[in-house]
1. Kindly provide the pair-distance distribution of the range 92-156 built from C-alpha pairs, with 10 Å bins from 0 and whole-percent values in order of increasing distance.
2. Return the FRET efficiency for the residue pair residue 153, residue 88: r is the Cβ-Cβ distance, R0 is 22 Å, and the value is rounded to the nearest 0.05.
3. Pull out the extension gain between residue 40 and residue 132, defined as 0.36 nm times the separation in residues minus the alpha carbon to alpha carbon distance; nm, one decimal.
4. Residues of the range 23-47 with backbone nitrogen within less than 17 Å of a virtual label 7 Å along the Cα-to-Cβ line of residue 180, please, listed as ranges.
5. Over the range 68-248, what is the relative contact order in whole percent, taking alpha-carbon pairs under 8 Å and six or more residues apart?
6. With a point put 7 Å past each Cα toward its Cβ, work out how far residue 249 is from residue 143 in nm, to one decimal.
7. If you find the alpha carbon centre of the range 197-251 and of the range 19-48, how far apart are they in angstrom?
8. Which of 145, 203, 131, 18 comes first, and how do the rest follow, when ranked by fewest Cβ neighbours within 10 Å?
């Protein structure tokens, strides 16, 4: 029995590493034929993983050397420790998707309320930019919800086996689209924060309350920005968005 468990664990580890390698290539390519080929290969590996146990990896089975590097992704590690209930409810997801879910959850809990007229007073142009983030985040949240429902359905085996390959391909494509959408969002947030920080280094024109201290009531859920200045909050927002972009590892095709 012990040998069986070790072999199963090794198979899961090998498949996971192969999938992660192909996913990196998928994120980096703009060639439609290569994308199709990579999706096919990932789908076959997902099927192989289904045969080993199921489509998803249980977090307790992650070997120590596969843990998220703390120095490279300190915010993600912070979220893993502080949102243990959220993580427990999301264990059906594989690690790359869980990481994205944590970044989105962390942004919603700590920064979405900061991007409001009450907290962040800007000139007309940047006020309009600031006000787009709520709708953009809501769109990603809906995309994530759609993906989670589909992946849960597959994880529970709620599909006809003869359509398994097509369903897995669709899930791979949905996951890729989700990462691209999230990457665009966090790049926009990072650029927004960077522009305002640069403005505050000189004679502020864009940001009108950089020196103000942020205050929150006892019923507010935010914890990270309590008592810090708007300028410092923008620095934290930049760091968070920048780490999320690094984690997603999607090339900037618009450059």
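Every number here is computed from the coordinates shown, using simple stated rules; none is lab data. Because the structure is predicted, anything quoted here is derived from the model rather than measured. When we count neighbours, we look across all protein chains shown, and the Cβ atoms used for this are built from the backbone with ideal geometry, even at glycine.
1. Spelled out bin by bin, the range 92-156 gives 19, 41, 24, 12, 3, 0 percent.
2. On the way: r = 20 Å, r/R0 = 0.92.
That gives a FRET efficiency of 0.60.
3. 29.5 nm
4. The answer is 23-43, whose backbone nitrogens lie closer than 17 Å to the label point.
5. Details: 143 pairs, mean separation 48.9, N = 181.
Relative contact order for the range 68-248 comes out at 27 percent.
6. In this crude spin-label approximation the distance works out to 1.9 nm.
7. 36 Å
8. Values: 145 10, 203 6, 131 13, 18 16.
Listing 145, 203, 131, 18 from fewest to most nearby Cβ atoms yields 203, 145, 131, 18.
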